[in-house]
Amino acid sequence: MQEKTSIVAENSRRLGLNIHRGKSKILKINSASTAPILLEDVALEEVESFTYLGSIVDKKGGADADVRVRIGKARAAFKQLKKCVESLKADEKHKA
């Protein structure tokens with residue numbers, strides 16, 4: 001992993017691009033190595049999970065955390081819809 005990170009950093013530099021060390025993080029999945037990944041002699045922060053394109057990626061590789069978050073968002077959305085439906089029903093009762 002270190003070798004690939006160094007290659008990407010070097011090619012980026014040649015193209016005039018900079019990798020921001022403070023914004024770059026590492027998530028190791030199925031890695032036996034405990035050595036930190038270095039970028040310009042600075043260890044990148046290792047994280048347990050992150051969100052990518054709205055989906056949660058974690059070390060376990062499962063979808064449990066992602067499903068829980070999506071269910072929570074759906075529950076909140078339906079709660080808002082319930083208030084709207086109840087308001088419409090109340091308006092209909094007053095018209096009759």
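Is one or more of the residues making up region 31-47 out of contact with any Gly (no Cβ under 8 Å at 6 or more places or on another chain), surrounded by 10 or more Cβ atoms within 10 Å (Cβ to Cβ), of a type in the set (S, T, N, Q) and not assigned by TED's automatic domain parsing to the domain that holds Ile19? No, that holds for no residue. Which ones in region 1-25 are more than 13 Å from Glu45 (Cα to Cα), touching a Leu at 6+ places or on another chain (Cβ under 9 Å) and not in a helix (DSSP H, G or I)? Ile19 - this is the single residue of region 1-25 that is more than 13 Å from Glu45 (Cα to Cα), touching a Leu at 6+ places or on another chain (Cβ under 9 Å) and not in a helix (DSSP H, G or I). Lys28 meets all of the listed conditions (1) assigned to a loop (DSSP other than H, G, I, E, B); (2) exposed (fewer than 11 other Cβ atoms within 10 Å of the Cβ) but one, namely (2).
Scanning region 44-72 for residues that are touching a strand residue (DSSP E or B) at 6+ places or on another chain (Cβ under 9 Å) and assigned to a strand (DSSP E or B) yields a count of 8.
Can you pull out every residue in region 48-86 that is hydroxyl-bearing (Ser, Thr, Tyr) and surrounded by 10 or more Cβ atoms within 10 Å (Cβ to Cβ)? Listed by number, the residues that qualify are Ser49, Thr51, Ser55.
The values are calculated or read from the model by the stated rules, or taken from the named source; none is laboratory data. Because the structure is predicted, anything quoted here is derived from the model rather than measured. FYI the Cβ positions are ideal-geometry reconstructions off the backbone, even for glycines, and counts take in every protein chain you see.
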